[in-house]
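The values are calculated or read from the model by the stated rules, or taken from the named source; none is laboratory data. Quick caveat, the model's predicted, so the values are computed rather than measured. Reconstructed Cβ throughout: ideal geometry from the backbone, glycine too, with neighbour counts over all protein chains shown.
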């Protein structure tokens with residue numbers, strides 16, 4: 001699949017404007033970079049949580065395949081009607 005060129009972000013535009021203005025706005029550039037860093041840090045934390053959930057699901061699938069009862073991972077009939085117990089190897093987040 002061919003990638004399309006990314007459009008500049010607001011950060012890119014603001015930074016370019018500050019840079020083109022020249023000297024005297026270093027404090028604003030620093031604040032912009034610190035704000036961007038905080039945003040990226042938050043995104044990384046969310047991605048790490050997602051990765052941990054994916055790893056947990058992989059572990060559940062490996063364990064069920066090893067145990068020979070992987071057919072219990074997908075049970076669409078359990079969702080019809082009453083509330084039932086989750087299947088073997090509940091795929092919810094670890095520690096819950």
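Of note:
- Residue selected from the stretch 1-16 under the condition modelled with pLDDT under 80 and in a helix (DSSP H, G or I), by the criterion surrounded by the fewest Cβ atoms within 10 Å (Cβ to Cβ): 10
- Any chance residue 53 is at pLDDT 75 or above, touching a helix residue (DSSP H, G or I) at 6+ places or on another chain (Cβ under 8 Å), at negative phi and surrounded by 12 or more Cβ atoms within 10 Å (Cβ to Cβ): no
- Within the stretch 19-42, not a single residue is under 30 Å from residue 74 (Cα atoms) and within 20 Å of the chain's Cα centre (by Cα).
- Set side by side, the residues 29, 62 differ, and just one is at pLDDT 90 or above and assigned to a helix (DSSP H, G or I), which is 62.
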